[in-house]
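First comes the structure, then the notes that go with it.
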Amino acid sequence: MSDDCETCLNRLLRGIATHDTRTVRLAWRALLATPAMTAPAVQARLDTPTWTKPPSGPSDRYLGMLLALLDAVDAEAFGAEIERLTAQLLHPLHRRTVELLAKRRGERPFGTLDCGVPVHIADDVPEPAGLLRRMNRWSRTKELSIADVTRVDVILGRPELDYLGLYAIRFDAIVLVWRPTLHRFPLVWFSWLDHERTFYHEIGHHHFGHHQGGQDIDQEQEANAYATRMLRRAHPVAMRLLALVVLPVLRLRRLKRRWLG
């Protein structure tokens, strides 16, 4: 077992204990790069009577993180570990963690982008095949920093969700909230463009290494600028027309409503 792997595992758990997102992120990346060494090291950490006892300190978070990591590097070993833990007399809180993580067993991506990033699309998202094709086109945008993204999850939009996308900082993963597209042109085009912009925005957070979880105004502005730059590369003619024709018309309509209001 590699000393470097053990060092990274210690760093990962220390980051979890101290809520240090940057430390967790860097350790996670390093551990994913050496799956053959990481899997047995994680299994050794899981093989402990700690989970039969009441949680102490961050031990409940340790269990979830170790299982998530094992799932990421070795799905077969993850399944075996879920079986082993389930057969034990775990503390109720730790058993709940195992049950939640067990739902990942057999999970397979709906598809994979050309760059190799897996895409998981929720069952209730309509027309997933068409969505995957569009995301593939988006992912081919020149100089888009998507290669190191670990996965993209797409979930259906609901009234209680107050966001369009998320960057899962710890895992270099992206979550997109899919809302039904409008079917009349040009509204349908604007709807798809909005989804595409969200995709680029979350990758912008990844590109710049942001770690404030959307709470920092400067980081949000930086991700917005990145998304705008990618949109211009993906749709140079359409974006120029949008800037020269459509946006001025919309501004005039807003001014007219104010004057008449």
Please report the relative contact order for segment 1-155, taking Cα pairs under 8 Å with a sequence separation of at least 6, and give it as a percent rounded to a whole number.
17
Segment 1-159 - charge dipole about Cα centre, Lys and Arg +1 at Cβ, Asp and Glu -1, debye rounded to 20
440
Computing the accessible area with a 1.4 Å probe over protein heavy atoms, can you report the carbon and sulfur percentage for the chain?
55
Report the antiparallel proportion of the DSSP beta bridges in the chain as a percent, rounded to a multiple of 5.
40
Measure nothing fancy, just the Cα-based angle from helix 21-32's long axis to the longest principal axis of the chain, in degrees from 0 to 90, nearest 10.
70
Among E160, E220, E196, the residue with the largest mean-square fluctuation in a Gaussian network model of the chain built from Cα contacts under 10 Å is E160
Out of A87, A168, A72, a Gaussian network model of the chain with alpha-carbon springs under 10 Å gives the largest mean-square fluctuation to A87
Order the following by accessible area, largest value first: E222, E81. Probe radius 1.4 Å; ligands, DNA and RNA are ignored.
E222, E81
Given H placed 1.01 Å from N in the peptide plane, which residues other than close sequence neighbours of H120 have an amide H under 5 Å from its amide H?
F110, V152, D153, V154
List the longest stretch of the chain that has no exposed loop site; here a site is one of the trypsin sites (Lys or Arg not before Pro) assigned by DSSP to anything other than H, G, I, E or B, with at most 16 other Cβ within 10 Å.
1-102
Select from T198, T21, T97 the residue whose mean-square fluctuation is largest in a Gaussian network model of the chain (Cα-Cα springs shorter than 10 Å).
T97
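For the chain, what does the relative contact order come out to in percent, with C-alpha contacts under 8 Å and a separation of six or more?
13
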Keeping every protein chain present and rolling a 1.4 Å probe, give me the accessible area per residue for the chain in Å².
57
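The values are calculated or read from the model by the stated rules, or taken from the named source; none is laboratory data. Model, not experiment: these values are computed from the prediction. Glycine gets a Cβ as well: all are built from the backbone with ideal geometry, and neighbour counts include every protein chain shown. Quick note on the areas: whole protein, heavy atoms, side chains included, nothing else; ligands and nucleic acids left out. Shrake-Rupley method; radii C 1.70, N 1.55, O 1.52, S 1.80 Å.
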